[in-house]
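Note sheet for the following structure.
The values are calculated or read from the model by the stated rules, or taken from the named source; none is laboratory data. Quick caveat: nothing in here was measured; it's all calculated off a predicted structure. All Cβ positions, even for glycine, are placed from backbone atoms using ideal geometry, and neighbour counts span all protein chains on display.
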Amino acid sequence: MKKCRRCSKPATLHITEMREGEVHELHLCETCYQEYLDYSETPEEPPTTDSAPPEIAIELTGDQTLEELDQTACPNCGISFREFRSQGRLGCPHDYTEFENELLPLLENIHGETQHCGKLPTRAADSSRRQYELIRLRKELQLAVAAEDYETAAQLRDTIVSLESDLGLNDNPTPD
Amino acid sequence: MDLDSLIPTSGSWLQGTGPDADIVVSSRIRLARNLARFPFISRADDELRQEIETLLREQVMGLPDAPSFHYLNVADLESIDRQFLVERQLISREHADSSGSRGVAISDEEHVSLMINEEDHLRIQVLQSGLSLDSCWDLIQQIDNQLDETLTFAFNERLGYLTACPTNVGTGIRVSVMLHLPALVLTKEINKAFNALHKINLAVRGLYGEGSQAMGDFYQISNQITLGKSEQQLIDGLKDVIPNIIKYERKVRDELVRKNRRELHDQISRAYGILQTAQTISSEETMQRLSSVRMGINLELIDDLGIPAVNELLIHTQPAHLQKFYNSELEVRERNEARARFLRGRLAERRGEQN
């Protein structure tokens, strides 16, 4: 997916302009699209960034400077964080673990969530299957509460409690 | 597979059947999958890419449905043939333009395609006519499950299926429908519809997906996010909103017919006339005129041509299709003449069939 040409959000609007017989492509997020509409009378500079997309903006969390972070490389595939930022593509599945701290805010920004709750490969362990079941049920519970459907919410809560105790996840262990 | 045998045909997804096929041209779902033990494509050298292609090709061609699959070695194809597959929506532009070992398995009816070594190791696509997301999901889920029995896909408990680009991580699913919205475009109501879609995280694109131009009033609506929701929730997200857009388009069409029937009928008839008589015509103009004619058929202002014929012309008048049909490389000017000749011939034929 392309990034917005004016900021780093994912581009949701893909505009093709015909100007003096030349085709110009523009990829914008919703906010920048509104600005673009407001100013569309003023000519845009021809886009040149499609081959070199704008770099991914990263929120620094720890003490590391961006320079230090950029030097960090995945021991598995060798991609440096700098390379990922400029290409927008990761090098191997392990990068998601290696760069987890930096990627999570980015994923939160893109998807609004950082926990998968869809399909699982069949070989996923039974325990992780149940973990997912819990995640899904908690989400449904949130929705039910938001919709003031308290009957469903109560049922969901019961299911969650019993699943938690099956998994040995009770938050309040009885004291010895 | 002999690509030349495909020239006069078209995929089953263009047959104009299925629910709401007057407005929903097609439904498409794709899944992105990567093998856990290999780096992603951008970090895989020639040798590794070859190994990935060989391995996935064997698995894909060993699927229960494989007897109906044709495997094409995309790296060995001429550029015109790759473009031909892009125009038929069987491979992506990125897959056509990249380099190194890569291939695609395509079903007889062209409703299933499995791209190997695109941005991800495997991209599974199911494409159907009309608003048919549930049947796309049933089929793609079945293929994914069958492959999952023998392959270990890159997967992580927290982030789901791992993909080369973080925008696909989680479910790796892209659910999209291609809509024909001429009345909303004509009345400029379309921006309102698009703004509403963006607010609920749906993306709007042109005919050929990412970064492509919306031509002839055809738009693809798809999910933007892939993580934190289940596949079914993402499919339902589209299924909930598409009927509203269909209703909106129909309402505006009705109003147009009621208020401006004469002007509308005139515009549609002129478009039809141009397509039947032009001596040279660009691909943009062809799309635009075909769009008017398509709406004319739906509004019963044109009664001697069918929707499938128009759907087919949308694909068959594109550059690689024309050049393969006339079996020669054509410059833009020659192509515009060839396109006009093709349209005159095909419309005369199809009108005959309808009567």
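Residues of the range B:116-145 that are closer than 20 Å to B:Gln220 by Cα, of a type outside the set (Val, Ile, Thr) and away from every other protein chain (no Cβ under 13 Å): B:Arg123, B:Gln125, B:Leu127, B:Gln128, B:Ser129, B:Gly130, B:Leu131, B:Ser132, B:Leu133, B:Asp134, B:Ser135, B:Cys136. The strands (runs of 3 or more DSSP E) found wholly in the range B:139-236 and carrying at least 2 residues that are in contact (Cβ under 8 Å) with a residue 40 or more places away in the chain occupy B:173-180, B:218-223. Of the set (1) at pLDDT below 95; (2) buried (at least 23 other Cβ atoms within 10 Å of the Cβ); (3) hydroxyl-bearing (Ser, Thr, Tyr), all apply to B:Thr17 but (2).
One line per residue, one yes/no per condition, for (1) among the hydroxyl-bearing types (Ser, Thr, Tyr); (2) at pLDDT 95 or above; (3) surrounded by fewer than 21 Cβ atoms within 10 Å (Cβ to Cβ):
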residue: B:Leu127; (1), (2), (3): no, yes, no
residue: B:Asp134; (1), (2), (3): no, yes, yes
residue: B:Asp138; (1), (2), (3): no, yes, yes
residue: B:Asn156; (1), (2), (3): no, no, yes
residue: B:Leu162; (1), (2), (3): no, yes, no
residue: B:Ile173; (1), (2), (3): no, yes, no
residue: B:Ser176; (1), (2), (3): yes, yes, no
residue: B:Thr187; (1), (2), (3): yes, no, yes
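This table checks each residue for (1) surrounded by 17 or more Cβ atoms within 10 Å (Cβ to Cβ); (2) at pLDDT below 90; (3) more than 10 Å from chain B (Cβ to nearest Cβ); (4) not in a loop (DSSP other than H, G, I, E, B).
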residue	(1), (2), (3), (4)
A:Gly91	yes, no, no, no
A:Glu151	no, no, yes, yes
A:Ser162	no, yes, yes, yes
A:Asn170	no, yes, yes, no
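Scanning the range B:6-45 for residues that are more than 20 Å from the chain's Cα centre (by Cα) and either of a type in the set (Phe, Trp, Tyr) or under 30 Å from B:Gln323 (Cβ atoms) (or both) yields B:Phe38, B:Phe40, B:Ile41.
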